[in-house]
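Enquirer: Could you have a look at this structure, given as structure tokens, before my questions?
The values are calculated or read from the model by the stated rules, or taken from the named source; none is laboratory data. Remember, predicted model here, so these are calculated numbers, not experimental data. Reconstructed Cβ throughout: ideal geometry from the backbone, glycine too, with neighbour counts over all protein chains shown. Heads up: the accessible areas ignore ligands, DNA and RNA and are worked out on the full protein's heavy atoms, side chains in. Shrake-Rupley method; radii C 1.70, N 1.55, O 1.52, S 1.80 Å.
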Amino acid sequence: MVLGALTVLLSACGSDGGTAAGPSSAPSSTAPATGELVVVLDRGEGAQPERYTLSCAEPVTGDLPDPAGTCAHLQGLADPFAAIPGDQVCSQQYGGPQTAHVTGRWAGDDVDLLLARTNGCQLAQWASLGPLLPGPGG
């Protein structure tokens, strides 16, 4: 009897009962995400900021060192331009003076993301974008 009740309880825990807690994070189609992005990269060394463009539509274009590789990298990320949650605890790790501003559209959503390298969370976010931020610090 107890075993039967435990089985029912455990199976109920694994089920959402047919209701969703919020929108699904899974993409609605299998087509790769596309977008048009502008990256303004400031290396923090007193030089003029560098400006790069990227279009992940067909054909892939842009003036980053590897536009196709950059698009493939971004398409492999679940939500590449998500902001760092305000309540996230981050290590006090300084990665350098570099900053970047990414604007445009990705997967049908507007992108307006400011990036820096002044704590562990920001360093991880910067690193996750990989080839979108070219050169040292990117």
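Enquirer: For segment 56-94, what are the residues that are touching a residue at least 60 places away in the same chain (Cβ under 8 Å) and acidic (Asp, Glu)?
Expert: Asp66
Enquirer: Same structure again: Report, by residue number, each residue of segment 34-74 that is aliphatic (A, V, I, L, M), surrounded by fewer than 19 Cβ atoms within 10 Å (Cβ to Cβ) and closer than 21 Å to Asp109 by Cα.
Expert: Val38, Val40, Ala57, Val60, Ala68, Ala72
Enquirer: Which residue is nearest to the chain's Cα centre (by Cα), if the candidates are limited to segment 52-92 and must be within 17 Å of Leu133 (Cβ to Cβ) and of a type in the set (Val, Ile, Thr)?
Expert: Ile84
Enquirer: Read through the list (1) closer than 15 Å to Gly135 by Cα; (2) touching a helix residue (DSSP H, G or I) at 6+ places or on another chain (Cβ under 8 Å); (3) not in a loop (DSSP other than H, G, I, E, B), then give the number of the only condition that Leu37 fails.
Expert: (1)
Enquirer: Scan Gly135, Gly62 and give me the residue that is in contact with a strand residue (DSSP E or B) (Cβ under 7 Å, 6 or more places away or on another chain) and at positive phi.
Expert: From the options Gly135, Gly62, the qualifying one is Gly62.
Enquirer: Look at segment 75-131 and say how many of its residues are within 21 Å of Ser55 (Cα to Cα), open to solvent by 50 Å² or more (accessible area, probe 1.4 Å) and either part of a strand (DSSP E or B) or not small (Gly, Ala, Ser) (or both).
Expert: Of the residues in that region, 10 qualify.
Enquirer: Could you give every pair whose Cβ atoms fall below 8 Å, whose first residue belongs to segment 103-124 and is on the phi > 0 side of the Ramachandran plot, and whose second residue is hydroxyl-bearing (Ser, Thr, Tyr) and open to solvent by 30 Å² or more (accessible area, probe 1.4 Å), counting only separations of at least 6 or pairs across chains?
Expert: Ala107/Thr34
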